[in-house]
1. Using a 10 angstrom cutoff on alpha carbons, build the Gaussian network for chain A and name the most mobile of A:SER219, A:SER33, A:SER49.
2. Per Stokes-Einstein, at 25 °C and 0.890 mPa s, what whole-number D in µm² s⁻¹ belongs to segment B:130-257, with the Kirkwood radius over Cα pairs as the hydrodynamic radius?
3. Over what distance in Å are the Cα centres of segment A:215-235 and segment C:311-333 separated?
4. When the Cα atoms of chain C are enclosed in a convex hull and the volume is divided per residue, what value in Å³ results?
5. I'd like to know how chain A sits against the 2.2 N^0.38 Å rule of thumb: what's its Cα Rg over that expected value?
6. Given contacts defined as C-alpha pairs under 8 Å and at least six residues apart, what's the relative contact order of segment C:200-287, whole-number percent?
7. Kyte-Doolittle cut-off -0.5, length cut-off 15 Å along the helix's own axis using Cα: show which whole DSSP H helices in chain A pass.
8. Taking springs between alpha-carbon atoms closer than 10 angstrom, which of A:ILE229, A:ILE27, A:ILE122 fluctuates most in the Gaussian network model of chain A?
Amino acid sequence: MRTPWMTKLAVYAILVAGALLFVFPFIYMILTSFFTATFSLPRPEEVFSVTPNFINYQVVWGKNHFAQYFGNSMLLTSVAMLGALLVSSLTAYGFARFSFPGKEGVFRLFLLTMMIPSVINIIPQFIIIKNMGLVNTYAGLWLVYIATGVVGNMFFLRGFFESIPRELEESVLIDGGGNWRIYWNIYLPLSLPAMGTLAIFVFQATWEEYFLALTIIKSEALRTLPIAILMFNDKYATNYGQIFAASIIALLPVILIYIAFQKKFVQSGFNEGAVKG
Amino acid sequence: MTQATLPRKSRFRTGLTQWLNALPFVAVGLVGVLVFVVYPMIQNVKVSFQEFNILPGQNSPWVGWDNYRSVFDDPNDKFMIALKNTFLNVAVTVPINWFLAVFFAVVINTRFVKMKVAFRTLYYLPIVTSWIVVALLFKYLFADGSGGFVNYVLLNVGILSEPIAWKSHYWSAMIMIWLFHIWKTVGWGIVIYLAALQGIPRDLYEAADMDGASATGKFFRVTLPMLRPITVFVLINLVNGAFGFFPQVYFITAGGPMNQTQVIPSLIYMEAFKHFHFGEAAAMGVMMGLLVFAVTYYQMTKIGKQRLF
Amino acid sequence: MKKSLSVVLAFALTFVLAACGGGNNEGAPSGSASPSKASESSAKPAEKVTIEYWHTYSDSEEKVLLEKIKPKFETEHPNIELKLTRMPYEGLKDQVIAAVAGDAAPDLMRMDIIWVPELASKGALKKLSDLPGFDDVKSAVFDSPMQTNIFKGEYYGVPLNTNTKVAIYNADTLKEAGLDQAPATMDELVQAARNLKSQGKQGIGVSSIGAWGVLPYFWSLGGKVTNDDYTQVDGYLNSPASIEALETIVSWNNEGLVIPALLGGEPGSWDGLKSGQYMMIDDGPWFFSILLGDAENTFNPLDKTVRAQLPAGPGGSISVVGGENLVSFANSKHPEEAWTFMKWMLGKEPQQIMVEAGMVPTNREAAQAIDPGQNPYIGTFIEQLNTALPRTPIPQWGEMETIFNLSLEKAIRGDQTAADALNEAVKQINAILAK
């Protein structure tokens, strides 16, 4: 194409400036993580002239059960992610493909629940988990994580599922397959981009959740990574170098998951069905 | 509806059959939501009419509308201030967030731009970072005095003559909260719009080319109309996100200075868990929920019918 | 449409009711052991009991707890195992509330002194005053920290460690201000601060805007919060002396004598003190142990600072009592063992051990036995404790503090006059006390 180089330059300039805006705070954070004894804030000129080192990373990895909690979080988050994807996609499939009385009513009721601030739901949720005998177990956490995520995830997936043309189901029906086969052989494979996107959302949200995790998990050995990070935030003093080092380590798995799934990112999801409106 | 003409009994039977067909798929999700989302919410409504006792087994006396009344009787008007801020947050961040999302998505999607995926990844980075970490980072960047990075830059560029104590004044604290929110969430809109842009069929642009449309002409005649449906989805989510400010306020200013930057979710949290005012907190939650529902109801009904993707 | 919605709601309700119903039945017998407990106790034949202890000790403090306190207690009480759980400080109160509401609270907890009357008034804490041996514990500890455990005349906790704030000066800046030693009176302090003003340095170390930050100055300048039995604010918090005290603090700040940390500005109090920009800050003893315990730290707080009693004003040299109490929860499964630990922990020896972690003991004998050679900074704090007051130890303090803090902030930021701010605070606090 014959795009004038001026335009090209301008577009790239905007893009790079934008990227810098989003990335720079991370760079500043990484630079700060090289400071030791940072109960006080280093000044910008000190930050830019710091020598990279991994002292804080080593200290952090060995402190507050960091490595152990990292493993706990991996387990907890992976299972929560798979469970949420399965349950949410099944529910969305049910809502997208079947019609039953009161469907839109239920859907709207669900959306209403997204609007009400849920910060104090923790007490009834905890009491239910307690009554199920699941305090101090990951099963208890999984239940709450998966169940509370259903509404938003279904909201996200439903429209996607509805754009899948019904004609595609015929091949399965001809083979004598039923609704489950349609879900498994048609809907899931065709919505991989949406599922990939959702996987990232769910992974990230679960990975950083600490409030519920701290409430339901009572023994120190089972705690998760965000709790370890919070422990660096002491009552009397915050060690920024260590907190940032810990945060960067905690960020890595999410970035890996993101890179792994992002090829599938919504991109192709907006097929023609999307724009019929 | 054809169903309306059927006799009552068979209509019931049809409904039942339909439910039974769908139930295997939706049962787990429905039960989960009912138990862990709807039931706590009903509890909330109940607590909003009670003087809640945290001890198990102790009864919580009913107090009628007292909690609702005391929310409004508050001499410091905490609820009204939080309400005002909540709406202000929506009014300020939603347009900016939306505009930046469309803008960057369109720029990244420009045909000659290489490494689209790399740019998308970079812009998406704040989204995958935890709120607490980003909050700490922002507090650190916006630190008071000339040692805070933002102050340092503004001083050196000459925009400021002396450092700002960002969190100590209402407007500067609000600006900090807004910047924090936009920076953290704009990547989501960019990704959604990028996907939508890539879904626009090429032939529409080709047709416009044949009509001799300019680049801007194509943008307004093809791109924008084609983005309409997804825009509804994005706006609902942006509005909902802006109503739901919690970490943005709680971890940055904790409502200060003098409770002026408080928003409803953070106020609810602090009333409940710092002052044991569970009744008032629940009442605020109920009112907030009804309000947001009313505001977004119209779009909601559209969403129910619309194909989003 | 409407009809179907109601069907759905009815359906939903059935589920919910089923869920609650199940909940109530199971929740009723309070003594029933949870599955995890059952498996724990089944491992050992009968007697060995595990008591859970929540705390928020820092790294260096936790080390002493794990390596010295726990083994010593368990050797002396072989039938009890002490399970220590370190909680993050952020969101701690939420955890306590959720645990109490879900009948899953630990047996013991170390908590900030100002929480005790509030949680006691909610019925969450176990009453200790009628337990065997309580009077012995009470007579062995300092009175003022003990008072922070009272609710309606009964005790709901024991003071685990106490502290207060003293004045801490940067030794060099003090000299620059023309002083050889710490100022003894508020007037001397103000004079020194004025001497420093031209150099862009601040001399008066009011460290934060809340009650904890301002009260020492407010009291020392002659202000009062309540009457002596904590029942009245009207005529005390808004008395002419109180108004004058607050006005004085406001005028210091307007004159630029107070450190910016007062309003949350930078540098933070210790950063400012280290760099010499702040001549004075006030603080408790904890930062000394953090700094001394941090290998990377290059600032020796013992050589480079001067610690002293707060400068005296018309009201004397009055600081504020802080510290932590040890409490047991009302639905603890092992109240006897918990009490055994509480009694033991307040004894002379364990209290002395915790001095290594920088704790100021509440046990009189342990406090007297402190070797000033080994703990050079603690003496000043113990001396200041003689004239330190607790923040109003009543259940409503949490709410009262919010109101009080707001009035302080309004006055100091200049939104209201000191008189207006305090009068309004009195009005609002009266409404709470009347409830």
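Read-outs: derived from the displayed coordinates by stated rules, not from any lab. Keep in mind the model is a prediction, meaning the values are calculated, not measured. Reconstructed Cβ throughout: ideal geometry from the backbone, glycine too, with neighbour counts over all protein chains shown.
1. A:SER49
2. My calculation gives 140 µm²/s for D.
3. Measuring centre to centre over Cα atoms gives 27 Å.
4. Dividing the Cα hull volume of chain C by its residue count gives 199 Å³.
5. 1.24
6. 43
7. Result, helices passing both filters: A:5-32, A:66-97, A:103-115, A:138-162, A:192-208, A:240-262.
8. Fluctuation is largest for A:ILE27.
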